[in-house]
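Trainee: One structure follows; several queries about it will come next.
Just so it is clear, none of the values below were taken in a lab; they were calculated from the coordinates. Quick caveat: nothing in here was measured; it's all calculated off a predicted structure. Positions of Cβ are backbone-derived with ideal geometry, glycine not excepted, and every protein chain shown enters the neighbour counts.
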Amino acid sequence: MKIVKTIKEVREIVKLWKKENLSVGLVPTMGYLHEGHASLIDASVSGNDKTVVSIFVNPMQFGANEDLDSYPRDLNHDSKLCEEHHVDLIFNPEPSEMYGKDFYTYVNMNVLTEDLCGITRPIHFKGVCTVVAKLFNIVQPDNAYFGQKDAQQLAIIKQMVQDLNMPLEVHGCPIVREIDGLAKSSRNTYLSTEERQSALILSKAITLGQSLVENGERDCSKVLTSMIDLISSEPLAKIDYVKIVDLKTIQPVNTIEKPILCAMAVYIGKTRLIDNFIFEEV
């Protein structure tokens with residue numbers, strides 16, 4: 001396994017692979033890898049001849065008062081996990097490598113970015129789309145892998161690939177959870193012991209909502225009221241949003257008549273956590 005810092009090095013390595021007609025999978029990450037990332041890597045390794053993992057804390061997707069500086073970083077840990085899971089190449093650039101001083105070009109999107117996380121993080125998806133488009137151009141993967149925990153991001157990236165005729169397939173992989181149900185996240189490290197216990201309210205609400213829908217409830221307001229009431233019973237929890245939207249368009253729906261995404265963002269103390277479930281069997 002190699003670790004490289006420059007775009008030139010990545011392109012040279014991938015060019016040699018392509019000459020040998022080897023397929024390439026890409027797992028874009030911001031590092032501080034956990035079992036959720038490992039599941040994406042495993043999917044790539046099983047589906048491609050070569051796997052690239054990008055580790056880049058993308059400054060463009062952080063707002064002015066967000067956790068860019070404190071976001072956890074540990075390349076030594078990340079490289080060990082990657083090696084254990086048979087990654088071929090880690091791309092770990094500096095921000096100056098990805099965004100030169102005369103950088104003026106961005107990838108933006110309407111509709112899918114306007115609700116859910118897009119309301120309280122208005123620049124976030126512009127940064128996500130731009131960096132992911134750059135990574136796709138740099139690595140030229142045949143396949144790319146993203147987690148369902150960031151379901152809105154996954155829908156946006158799939159739409160970007162379709163709209164811009166990018167020659168790759170985007171794969172969504174299931175949420176990986178702790179034994180007690182909490183969705184794996186690099187931000188879980190921010191939680192105190194008390195907050196970590198309180199954070200279980202997210203997965204409990206997901207389980208409740210999923211159960212209601214699977215048992216035939218189709219009125220979104222009833223599902224959401226039950227979930228919100230449960231989350232509100234936890235003193236350390238502050239709701240950013242809990243919503244049900246169309247799975248493809250990320251637009252709000254009142255009745256479950258087609259595939260939906262039920263998504264939430266909740267602050268536990270100062271830490272913003274997300275979780276969701278998807279229901280398609282309408």
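Trainee: What ranking, highest mean first, results for peptides 159-167, 102-110 when packing means the other Cβ atoms within 10 Å averaged over each residue? Provide the component values of the computation, followed by the final result.
Mentor: Details: 159-167: 13.6, 102-110: 10.3.
My ranking of the peptides, most packed first, is 159-167, 102-110.
Trainee: Using Cα atoms only, what is the angle between the long axis of helix 124-139 and the major principal axis of the chain, expressed in degrees (0 to 90) to the nearest 10?
Mentor: 30 degrees
Trainee: By DSSP, what percent of the beta bridges with both residues in the chain are antiparallel, rounded to the nearest 5?
Mentor: Values: 21 of 40 bridges.
Here the share of antiparallel DSSP bridges comes out near 50 percent.
Trainee: Taking N as the number of residues in region 11-139, what is its Cα Rg relative to 2.2 N^0.38 Å? If you can, show how the numbers build up before the last one.
Mentor: Numbers: Rg = 15.7 Å, N = 129, 2.2 N^0.38 = 13.9 Å.
My calculation over the Cα atoms of region 11-139 gives 1.12.
Trainee: With axes computed from alpha carbons, what is the tilt in degrees of helix 35-47 against the longest principal axis of the chain, rounded to the nearest 10 within 0 to 90?
Mentor: Between the helix axis and the principal axis of the chain, the angle is about 50 degrees.
Trainee: Would region 9-82 count as rounded, prolate or oblate if I go by the C-alpha gyration tensor, calling it rounded below 1.5 in a/c and otherwise prolate when a/b exceeds b/c, oblate otherwise? Display every interim value, and only then the final one.
Mentor: Numbers: a/c = 2.57, a/b = 1.79, b/c = 1.43.
Because a/c hits 1.5 or more and a/b exceeds b/c, region 9-82 counts as prolate.
Trainee: Using a Förster radius of 30 Å, what is the FRET efficiency between N21 and I278 based on their Cβ-Cβ separation? Nearest 0.05, please. Display every interim value, and only then the final one.
Mentor: Working: r = 35 Å, r/R0 = 1.17.
Efficiency computed from Cβ-Cβ geometry: 0.30.
Trainee: Still on this structure: Looking at the square roots a ≥ b ≥ c of the eigenvalues of the Cα gyration tensor of region 103-147, which shape do they give, rounded for a/c under 1.5, prolate if a/b is larger than b/c, or oblate?
Mentor: Details: a/c = 2.80, a/b = 1.57, b/c = 1.79.
Oblate shape, in that a/c is at least 1.5 and b/c is the bigger or equal ratio.
Trainee: Mind running the shape call on region 58-100? Use the C-alpha gyration tensor, a ≥ b ≥ c as the square roots of the eigenvalues: rounded below 1.5 for a/c, prolate if a/b tops b/c, oblate otherwise.
Mentor: Numbers: a/c = 3.31, a/b = 1.72, b/c = 1.92.
The shape class here is oblate.
Trainee: Give the long-range amide H neighbours of Y241: residues separated by 5 or more places, or on another chain, with amide H under 5 Å away, using H modelled in the peptide plane at 1.01 Å from N.
Mentor: A265
Trainee: If you don't mind, another one. Taking amide H positions as placed in the peptide plane 1.01 Å from N, state which residues far from F56 in sequence (5 or more) or on other chains have amide H under 5 Å from it.
Mentor: T29, M30, G31
Trainee: When ranked by the protection proxy of mean other Cβ atoms within 10 Å per residue, highest first, what sequence do the peptides 86-92, 192-198, 22-28 form? List each step's numbers first, then the result.
Mentor: Details: 86-92: 20.7, 192-198: 14.0, 22-28: 23.3.
Put in order of decreasing packing, that is 22-28, 86-92, 192-198.
Trainee: Quick check on packing: order 169-181, 52-64 by the mean number of other C-beta atoms within 10 Å, highest mean leading. Don't skip to the end; give the middle numbers.
Mentor: Details: 169-181: 15.6, 52-64: 19.7.
Ranking, from highest mean packing down: 52-64, 169-181.
Trainee: Y267 to E35: extension gain in nm, 0.36 nm per residue of separation minus the Cα-Cα distance? Mind showing how you got there, number by number?
Mentor: Numbers: separation 232, 0.36 × 232 = 83.52 nm, distance 2.25 nm.
Gain in length upon complete extension: 81.3 nm.
Trainee: When all alpha-carbon pairs of the chain are counted, what percent fall beyond 36 Å? Don't skip to the end; give the middle numbers.
Mentor: Details: 6054 of 39621 pairs.
Beyond 36 Å sits 15 percent of the P(r) for the chain.
Trainee: Given the Cα-Cα distance of K2 and S70 and 0.36 nm per residue of separation, how much length would full extension add, in nm? Before the final figure, lay out each step's value.
Mentor: Values: separation 68, 0.36 × 68 = 24.48 nm, distance 2.67 nm.
Stretched out fully, the K2 to S70 stretch lengthens by 21.8 nm.
Trainee: Karplus couplings for region 238-246 from phi (6.51 cos²θ - 1.76 cosθ + 1.60, θ = phi - 60°), rounded to Hz, Gly and Pro as x?
Mentor: Running phi through 6.51 cos²θ - 1.76 cosθ + 1.60 with θ = phi - 60° gives 10, 6, 7, 7, 9, 9, 10, 10, 4 Hz.
Trainee: If you average the C-alpha positions of region 48-74 and of region 181-198 separately, how far apart do those two centres end up, in angstrom?
Mentor: Cα centroid of region 48-74 versus Cα centroid of region 181-198: 19 Å apart.
Trainee: Next question. Given a Förster radius of 30 Å and the C-beta distance between E114 and E214 as r, what FRET efficiency does 1/(1 + (r/R0)^6) yield to the nearest 0.05?
Mentor: Numbers: r = 29 Å, r/R0 = 0.95.
The formula returns an efficiency of 0.55 here.
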